[in-house]
Amino acid sequence: MRIIFMGTPEFAVPSLEILIENGYQVVAVITSTDKRGGRGGKRLLQSAVKKFAVGKGIPVLQPRNLKAPAFLEELESYRADLQVVVAFRMLPLAVWDMPRIGTFNLHGSLLPKYRGAAPINWAVINGEEETGVTTFFIKHEIDTGDILFQEKMPIGPDETAGEVHDRMMHIGAKLVLKTVRAIEKGGYRLQRQDESLVCKAPKIFHETCEVDFTEKTKKVHDFIRGLSPYPCAWTTIKEAAVLENGTPWEADGWENIKGKQLKIYRSKMIEKEFSFPAGQLLTDGKKHLYAATADGFIEILELQLQGRKRMRASDFLNGLRS
């Protein structure tokens with residue numbers, strides 16, 4: 001069976017690798033065009049999938065226009081029986097309908113839940129205790145095709161979207177292999193998606209990542225971990241932190257950081273009675289930094305001040321005192 005693989009980021013690499021390791025004939029790889037990056041944007045950066053494919057000697061196609069006649073002609077020349085898509089862009093009909101068997105996609109949720117561009121983020125933001133991966137045959141409407149297989153996985157109460165992502169890409173790779181094997185043997189039964197269970201996972205933008213501390217502690221905590229490490233929850237430093245007894249914390253460094261954005265990568269829920277306004281920052285002046293919520297606090301464990309590197313809260317506080 002001749003396979004064409006389509007994908008771009010690191011998430012897709014284990015799926016490509018597992019097919020090759022198990023002897024499947026991947027005749028070509030389709031990935032994104034090289035992007036300029038690095039210091040000053042002077043270097044052309046290859047996708048993770050391209051780097052892996054080149055290392056394996058697999059032909060790589062990088063079309064700018066998936067509808068271009070020249071690309072479609074080249075794609076057809078590989079005479080693929082099946083196309084496998086993992087973390088790639090939306091395909092036109094002329095592409096996904098080309099192979100004899102069809103094209104299936106690996107999606108990072110238990111469809112029909114979390115259709116869209118950011119399924120892992122939204123599952124964590126919404127406090128889900130379980131998510132998973134789905135393989136399905138592609139059709140016109142995005143993420144609506146008939147389901148081939150699904151695999152569930154738990155989400156820990158303090159797990160970040162990045163940690164879920166890293167576990168999921170390996171679970172997803174195994175599901176891709178299972179799916180290809182089943183298709184090869186004809187051992188599968190398609191299942192239609194239940195439209196009554198649909199929920200969306202739209203793309204997330206920087207402006208919608210601002211933390212609303214007037215929400216309850218758990219919701220704030222889930223929001224932070226659901227956006228970590230990217231695009232990352234943030235807040236703007238408006239007032240100096242106070243000590244836990246409510247008195248001002250005398251740290252000269254606060255005057256230099258007012259008005260700057262503070263990214264929050266990791267937090268911890270603290271249930272405690274208080275009389276501070278939501279969003280008020282509190283500290284012991286040494287190791288711990290807290291923010292008041294509607295019904296308690298979150299402890300900010302890892303952060304990044306605008307213009308500086310990511311660090312532990314204790315290092316951030318020590319820097320303000322020095």
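The values are calculated or read from the model by the stated rules, or taken from the named source; none is laboratory data. Model, not experiment: these values are computed from the prediction. Every residue, glycine among them, receives a Cβ derived from its backbone with ideal geometry; neighbour counts consider all protein chains shown.
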Item checked: Restricting segment 233-257 to residues that are without any contact (Cβ under 8 Å) to a residue 60 or more places away in the chain and in contact with a Ser or Thr (Cβ under 9 Å, 6 or more places away or on another chain), the residue that is farthest from Lys272 (Cα to Cα) -> Ala233
Next item on the list: Restrict the check to segment 246-264 and report whether at least one residue is of a type in the set (D, E, K, R), at pLDDT below 90, within 23 Å of Pro157 (Cα to Cα) and out of contact with any helix residue (DSSP H, G or I) (no Cβ under 8 Å at 6 or more places or on another chain).
Entry: no
Margin query: Anything in segment 272-289 that is free of Cβ contacts under 8 Å to residues at least 40 places away in the same chain and either of a type in the set (Ser, Thr, Tyr) or closer than 21 Å to Asn318 by Cβ (or both)? List them, or say none.
Written below: Ser275, Lys286, Lys287, His288
Item checked: Meets criteria (at pLDDT 95 or above and under 20 Å from the mean Cα position of the chain (by Cα)) for Phe205 -> yes
Next item on the list: State which residue is surrounded by the fewest Cβ atoms within 10 Å (Cβ to Cβ) when the search covers only segment 230-242 and only residues that are out of contact with any strand residue (DSSP E or B) (no Cβ under 6 Å at 6 or more places or on another chain) and at pLDDT 90 or above.
Entry: Tyr230
Notebook entry, point to check: Among Val26, Val13, Val54, Val49, which is without any contact (Cβ under 8 Å) to a residue 12 or more places away in the chain and not basic (Lys, Arg)?
Noted result: Val54
Notebook entry, point to check: Looking only at residues in segment 1-54 that are within 21 Å of the chain's Cα centre (by Cα) and among the small types (Gly, Ala, Ser), which one is nearest to Lys185 (Cα to Cα)?
Noted result: Ser15
Note to self: Looking only at segment 110-166, count every residue that is acidic (Asp, Glu), surrounded by fewer than 20 Cβ atoms within 10 Å (Cβ to Cβ), over 28 Å from Val220 (Cβ atoms) and touching a residue at least 24 places away in the same chain (Cβ under 8 Å) and tell me the total.
What the structure shows: 2
